Amino acid sequence: MLTKSNNTIMQFRVIDIDGKEVVRVERKNIGSEVMSTNESLLQDKGDRYYFTESMKLAEREVSISNIDLNVEFGVIEHPIKPTLRFATPFFLNGLKSGIVIINFFANDILQHFKSLKHIDIYLANKTGSYISHPDGKLNFTKDYNVKSNIFNDFPFMSKVKDSGFYFDKKKLMAKKIVLSKSSCFYVIYNIQKAYLSRIHKEQIILSLLLYLLSGIYAFFMSVLLSKYPSDKYEKRINEIESMKTYASKMKSKMVELHDSSYLDPLTSVFNRRYFDEKLMSYFESNEIFSMILIDIDHFKKVNDTYGHDEGDRVLIELTQLLSANIRETDFLARWGGEEFSIVLKNSDKKSVVDIADKLRKITEQYDFGFKKNITCSFGIAIREEGEEIDPVFKRADNALYEAKKQGRNRVVIR
């Protein structure tokens, strides 16, 4: 019943005082059917470290293993199965008689760390042996008897404490994750230089901390709630609930910072930074998109004649006008000054031209409160499959220049 209640449980076992499996229930893959192991296939686990460590525990104490590879009959199982184990001794008539141990599939935990974009992750167990490394050949060094060790490769790791992030001179961030008295992990976040130059340090810290806390919270809540309740578990749940509250506060702060860094302060639409990152995401996924560059005609005259406050009002009202007349799947950004850009996905040439011309007419007909109407020029380019970003932007920019050259208040596509 316990194994069926949580599909991340790989094995539930009872091992006697001599290290021999007495009961073994398992599933081969996450979510697959639970099966009871035939008595002839029960194994001797007396030489496994998790057995000897768990046998040293007092009643109701729980040990948490390293994340390592599952071993069957003395050989690493293939396909490999990263595993995390929870174990506790059991007593009969007051005498320690063996351990109860639950194995969890650890793939999701590892994927949680690896899914951080633009960041190389080094994850090691308490002795410094790598669990995960940017160089895949150094994954699970202890299991494969590889000597590479996080404490040797990064000497500053000896300074990492049980709380907070540690920063070294090379802008690496390190964290010690304590799971129990006998179990911990070490993590190094190596932020790629190109990405680091685009993101504020404070945002990265908040993002990583939130990500880390949310992942640990989700995993351990699923583990703890699948066990029988006890005072120790209730205390741990309360601690993790506190982590959740803290993570929620951090999330609010992160959202606030995120919004301020991606929004134009005057118009509240996306800024050029967001525009660049969005385009890069489209490029990396090889998506087809269209780009419209927009420039307000004779905007300098508005500022010179009516003042910059009125010019700012025009910018604000124009962004509201444009935003209200594009699709939900399109995004508008202020490129700079009186220039704006719109990126559209899944649009053919006719659709993009029609949208741009619609925006042109709406702008021309809108009453900005001046004697002469405000107009805009539009330049369009459609990305072709496999095309780099720079040529697309250059074609849109050339189209905008051509629209200006032809007399303004018109749409040109290149």
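The values are calculated or read from the model by the stated rules, or taken from the named source; none is laboratory data. Keep in mind that what you see is a predicted model, and the values were worked out from it rather than measured. Methodologically, a virtual Cβ is constructed for each residue, glycine included, from the backbone with ideal geometry; neighbour enumeration extends over all protein chains shown.
Pick out the one residue from 361, 405 that is basic (Lys, Arg) and under 24 Å from residue 317 (Cα atoms).
361
From the set of residues in the stretch 22-31 that are surrounded by 11 or more Cβ atoms within 10 Å (Cβ to Cβ) and over 18 Å from residue 99 (Cα atoms), which is modelled with the lowest pLDDT?
Filtering first and then ranking leaves 30.
Of everything in the stretch 118-138, what is touching a residue at least 40 places away in the same chain (Cβ under 8 Å), part of a loop (DSSP other than H, G, I, E, B) and more than 17 Å from residue 177 (Cβ to Cβ)? Give them in sequence order.
Within the stretch 118-138, 118, 134 qualify.
Residues 345, 349, 394, 358: which one is over 22 Å from residue 280 (Cα atoms), in the same structural domain as residue 321 (by TED's automatic domain parsing) and surrounded by fewer than 20 Cβ atoms within 10 Å (Cβ to Cβ)?
The unique qualifying residue is 358.
Checking residue 261 against (1) surrounded by fewer than 12 Cβ atoms within 10 Å (Cβ to Cβ); (2) among the small types (Gly, Ala, Ser); (3) at pLDDT 55 or above: exactly one of these is not met. Which one?
With respect to (1) surrounded by fewer than 12 Cβ atoms within 10 Å (Cβ to Cβ); (2) among the small types (Gly, Ala, Ser); (3) at pLDDT 55 or above, residue 261 is out only on (1).
Does the stretch 85-104 contain any residue that is in a helix (DSSP H, G or I) and modelled with pLDDT of 90 or more?
No; the residues of the stretch 85-104 include none that is in a helix (DSSP H, G or I) and modelled with pLDDT of 90 or more.
Just wondering, is there one or more residues in the stretch 289-312 that are at pLDDT 90 or above, of a type in the set (Ser, Thr, Tyr) and surrounded by 14 or more Cβ atoms within 10 Å (Cβ to Cβ)?
yes
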